[in-house]
Amino acid sequence: MPKKIKLLIVDDEIKFLNSIAKRLEMRGFDVSRATNGYEAVEEARNNKFDLALLDLKMPSMDGKQVLEILKREHRFIEVIILTGHGSMDSAVDCTKLGAFNYLPKPYELEKLLEVLLQAYKERMKKKFSSDQARMEKLAELATGSSPLGILRAMKELDDDEK
């Protein structure tokens, strides 16, 4: 059975959150939900997600702040902003902060699915490139270092992933 894409959906509109979560679960996503930015950050710290779908306007901590934290703390996560309160300025700001895409509400499910799959492919490309670079570095170390030197280097590479 193929691995499901792990998706964190964050929106303070609970009816909307539950509706979109159910629709994406029916299409094979492993969905976790958060109703505010603080909950989202905590959920992401406790679980690994492939993708996050964030509402932009939320009380206390908005989607832009959550985006910044997720991109800083989770190296390979891809984030899509889904908002009913978008503007060109906020789209540019979010893109500069690392958002994969910026979509308006109401959304078209087929378009959203397409963007989520593109974001997942991008995530996998980045992760594969990183894994490949790490393996090349390990191979290089294995040919020219002592066993203790190799272990130290492996520890350092492992720490870089966290």
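The values are calculated or read from the model by the stated rules, or taken from the named source; none is laboratory data. Note that the structure is a prediction, hence the values are computed from the model and not measured. When we count neighbours, we look across all protein chains shown, and the Cβ atoms used for this are built from the backbone with ideal geometry, even at glycine.
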Answer residue from region 1-37, given it is in a loop (DSSP other than H, G, I, E, B) and in contact with a helix residue (DSSP H, G or I) (Cβ under 7 Å, 6 or more places away or on another chain) and is surrounded by the most Cβ atoms within 10 Å (Cβ to Cβ) among those: Asp11
Entirely in region 48-162, the helices (runs of 4 or more DSSP H) that have 2 or more residues that are in the same structural domain as Ser19 (by TED's automatic domain parsing) and modelled with pLDDT of 90 or more: 63-73, 109-144
Complete set of residues in region 120-136 that are of a type in the set (A, V, I, L, M, F, W, C) and within 16 Å of Phe49 (Cβ to Cβ): Met124
Tally, over region 63-82, of residues that are over 16 Å from Lys96 (Cα atoms) and of a type in the set (Asp, Glu): 1
Residue check for Ile81: buried (at least 16 other Cβ atoms within 10 Å of the Cβ), over 21 Å from Ile14 (Cα atoms) and hydrophobic (A, V, I, L, M, F, W, C): no
All positions within region 115-134 that are of a type outside the set (A, V, I, L, M), over 22 Å from Ile81 (Cβ atoms) and surrounded by fewer than 14 Cβ atoms within 10 Å (Cβ to Cβ): Phe128, Ser129, Asp131, Gln132
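Output the residues belonging to region 38-47 that are part of a helix (DSSP H, G or I), of a type outside the set (A, V, I, L, M, F, W, C) and touching a residue at least 12 places away in the same chain (Cβ under 8 Å). Full working, then the answer.
Residues of region 38-47 part of a helix (DSSP H, G or I): 38-46.
Going one step further and asking which of them are of a type outside the set (A, V, I, L, M, F, W, C), we end up with 38-39, 42-43, 45-46.
Listed by number, the residues that qualify are Tyr38, Glu39, Glu43, Arg45.
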Subset tally (residues that are within 17 Å of Pro106 (Cβ to Cβ) and among the β-branched types (Val, Ile, Thr)) for region 67-95: 3
Within region 48-73, tally of residues that are surrounded by 17 or more Cβ atoms within 10 Å (Cβ to Cβ) and within 19 Å of Lys4 (Cβ to Cβ): 5
Residue under evaluation Tyr102, criteria (1) crowded, with 17+ Cβ neighbours inside 10 Å; (2) more than 20 Å from Arg27 (Cα to Cα); (3) of a type outside the set (Val, Ile, Thr); (4) under 12 Å from the mean Cα position of the chain (by Cα), criterion not met: (4)
Residue within region 13-28 that is over 21 Å from Lys127 (Cβ atoms) and within 15 Å of the chain's Cα centre (by Cα) present: no
